[in-house]
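**Student:** Pasting in a structure now, in structure tokens, and then I'll have a few things to ask.
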Amino acid sequence: MRAVCNRTQGVRVIGLISGTSMDAIDVAVGDFTLDGPTVVLEPVAHGEHPFPADLREPPADAADLCALDTRLGQAFAEAARAHDADLVASLGQTVHHQVVDGRCLGTLQVGQPAWIAEATGLPVIADFRVRDVAAGGHGAPLASTLDALWLAELPNAVALNIGGIANITRISPEGVIAYDTGPGNALMDAAMTALSNGLRPQDTDGEFAARGHVRADLLDRLLADPYYARHAPKSTGKEHFNRAYLDRVTEGLVMPAEDLLATLTELTARTVAAGCAGASTVVGSGGGMRNPVLVDSLRKKVNLRGSDELGLPADGKEAYLAALLGFLTWHGLPANVPAATGAAGPRLLGSITPGRAPLRLPEPAATPVTGLRIGGHRART
């Protein structure tokens, strides 16, 4: 274990997250320093660890929830212990995000951080979303924190992340707007899982969608969902866009599996593009960027670039986000964007679980941060 560094020397942070697709535990390791009001991130490594397949089903009762919290904490710990660092930041796995009439009433992430602290000996910062929710926000999309700092110098840019749910952050001279646009991979994954009786959890490489045709009647039904007409800030999740939802919206329609997948892929492309309308640049990341059918449809609608082009690995972005949130909290800096989440104001996020050594935080940073630089890369056109 490295000695914990002060902020002038830099801090190495492990970021952990399991997204709404529940296909892997994403891990990223980055070296962070403060250069005046700018956070400098030097990416070190990123990768994926297997998500325990038997934990993908929603917990049925308190015993299941306890087991899920424990076993995911242990899985996150196993992913983290392979890396050398000063600090671990874990966004965990969202198991429920309660939104009623456009207001977030609560959110629950699991993956107990005590297991990570015990296995690594490092302090762990986790449970980032709930403080923003307590302050009247949605606790999402927290990607807006990274995006607003990183793309501050890109005029009228939009950052896009396509996981199970797709979210965007729009940067403009008027400020920052961020929200979940709707399903990313969630409905596609639900359809493939159902069609294959659980043997195929996703349409890998858009194989089925590429052979199908978009069904206008189904697409119209899907686009009529009231969520899309709501104003930001807003958030959603697989509590809404799930297998039961898909069964309801396809009731009475008969079509080949390929047409269903093509239509669901186009739904994601249409709703994402609607949120990105008028943007000079859309910087994409997340698992959806691996789907060539989805990416091709998006490129016909928006000026899409991969985040790798700007120095941030697309596959590791959400884990680097977790690491950034941990770094900000460690230095006493607010880690939410109230204009994006709807919170009453800036808030320090997360709870800290001490490691083996006594907990010694650095002196709080004296200067608010206004930018993020990825190594030698500045996000510019």
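**Student:** Starting at the first residue of the range 248-259, write each ³J(HN,Hα) from the Karplus equation 6.51 cos²θ - 1.76 cosθ + 1.60 with θ = phi - 60°, in whole Hz, x for Gly and Pro.
**Tutor:** So the J values, rounded to whole Hz, are 5, 6, 9, 4, x, 9, 10, 7, x, 4, 4, 5.
**Student:** Could you go through the range 46-61 in sequence order and give the Karplus-derived ³J(HN,Hα) for each residue, using 6.51 cos²θ - 1.76 cosθ + 1.60 with θ = phi - 60°, rounded to whole Hz, and x for Gly and Pro?
**Tutor:** 8, x, 10, 10, x, 8, x, 4, 6, 9, 6, 6, x, x, 8, 7
**Student:** Roughly how many nanometres apart are two label points built 7 Å out from the Cα toward the Cβ at A62 and A344?
**Tutor:** Rounded to a tenth, the inter-label distance reads 3.1 nm.
**Student:** Under a point spin-label approximation (7 Å from Cα along Cα-to-Cβ), what is the E174-R230 distance to one decimal in nm?
**Tutor:** If labels sit at E174 and R230, their model points lie 2.1 nm apart.
**Student:** So what is the 222 nm mean residue ellipticity for the chain from helices alone, if each DSSP H run of at least 4 adds -39500 (n - 2.57) and you divide by all residues, rounding to the nearest 500 deg cm²/dmol?
**Tutor:** About -9000 deg cm²/dmol.
**Student:** Search the structure for amide H atoms under 5 Å from the amide H of H96, placed 1.01 Å from N in the peptide plane, and list their residues when 5 or more places away or on another chain.
**Tutor:** L108
**Student:** With every protein chain present, what is the per residue accessible area of the chain (1.4 Å probe, Å²)?
**Tutor:** In whole numbers, the chain has 41 Å² accessible per residue.
**Student:** Between the helical axis of 186-195 and the dominant principal axis of the chain, each derived from Cα atoms, what acute angle in degrees is found, rounded to the nearest 10?
**Tutor:** Relative to the chain, helix 186-195 is tipped by roughly 60 degrees.
**Student:** On the accessible surface of the range 139-292, probed at 1.4 Å, how many percent belong to carbon and sulfur atoms?
**Tutor:** The value for the range 139-292 is 55 percent carbon and sulfur by accessible area.
**Student:** Among Y245, Y320, Y179, which one moves the most in a GNM of the chain with springs linking Cα atoms closer than 10 Å?
**Tutor:** Y245
**Student:** Assuming R0 = 35 Å, can you tell me the calculated FRET efficiency for the pair T38 and N303, based on Cβ-Cβ distance, to the nearest 0.05?
**Tutor:** It comes out at approximately 0.85.
**Student:** Scan around T181 for amide H atoms under 5 Å from its own, H built in the peptide plane at 1.01 Å from N, and keep only partners 5 or more places away or cross-chain.
**Tutor:** Counting only residues 5 or more places away or on other chains, the set is A166, N167, I168.
**Student:** For the chain, calculate the relative contact order in percent as a whole number, restricting contacts to Cα pairs under 8 Å that are 6 or more residues apart.
**Tutor:** 24
**Student:** Let's test the formula: R0 of 35 Å, r as the Cβ-Cβ distance of R248 and S280. What FRET efficiency results, to the nearest 0.05?
**Tutor:** The calculated FRET efficiency here is 0.40.
**Student:** Where a Cα-Cα gap under 25 Å defines reach, which lysines qualify for K234, not counting those fewer than 8 residues away within the same chain?
**Tutor:** Result set, ordered by chain and number: K301, K317.
**Student:** Would you kindly derive the ³J(HN,Hα) couplings of the range 68-74 from the backbone phi angles with the Karplus curve 6.51 cos²θ - 1.76 cosθ + 1.60 (θ = phi - 60°), listing them in order in whole Hz, with x for Gly and Pro?
**Tutor:** 5, 4, 5, 5, 5, x, 5
**Student:** Which entry in [x] 4, 19, 25, 22, 15, 9, 4, 1, 0; [y] 5, 25, 35, 25, 9, 2, 0; [z] 5, 22, 27, 22, 14, 7, 3, 0 matches P(r) over Cα pairs in 10 Å bins from 0, in percent derived from the coordinates of this structure?
**Tutor:** Computed from the coordinates, P(r) over Cα pairs in 10 Å bins from 0, in percent corresponds to [y].
**Student:** Could you sort 165-172, 209-216, 220-227 so that the peptide with the highest average Cβ count within 10 Å comes first and the rest follow in order?
**Tutor:** Output ranking for 165-172, 209-216, 220-227: 165-172, 209-216, 220-227.
**Student:** Using a 1.4 Å probe on the protein heavy atoms only, what accessible surface does C66 show? Give it in Å² to the nearest 10.
**Tutor:** Surface open to solvent at C66 totals about 80 Å².
**Student:** Same structure, new question: With no solvent and one point per C-alpha, what does the Debye sum give as log10 I(q)/I(0) for the range 258-368 at q = 0.11, 0.18, 0.19 Å⁻¹?
**Tutor:** -0.55, -1.02, -1.06
**Student:** Here is a follow-up. Between T370 and S351, what is the spin-label point distance in nm, taking each point 7 Å from the Cα along the Cα→C-beta axis?
**Tutor:** The answer from the label model is 3.6 nm.
**Student:** Figure the gain on full extension for A216 and Q98 (residue separation times 0.36 nm, minus the Cα-Cα span) and round it to one decimal in nm.
**Tutor:** Once the chain is fully extended between A216 and Q98, it gains 39.4 nm.
**Student:** Give, in nm to one decimal, the length gained when the segment between D84 and E239 is fully stretched (0.36 nm per residue of separation minus the Cα-Cα distance).
**Tutor:** Value of the extension gain: 52.2 nm.
**Student:** Of the listed peptides 125-133, 142-150, 43-51, what is their order by residue-averaged count of other C-beta atoms within 10 Å, with the highest listed first?
**Tutor:** Averaged packing, sorted descending, gives the order 142-150, 125-133, 43-51.
**Student:** Further question: Output the antiparallel fraction of DSSP beta bridges having both residues in the chain, as a percent to the nearest 5.
**Tutor:** If we restrict to bridges inside the chain, about 70 percent are antiparallel.
The values are calculated or read from the model by the stated rules, or taken from the named source; none is laboratory data. Note that the structure is predicted; figures quoted are calculated from it, not measured. Here the Cβ is made from the backbone with ideal geometry for all residues, glycine too, and neighbour counts use every protein chain on show. Ligands, DNA and RNA are excluded from the accessible area calculation, which covers all protein heavy atoms including side chains. Shrake-Rupley method; radii C 1.70, N 1.55, O 1.52, S 1.80 Å.
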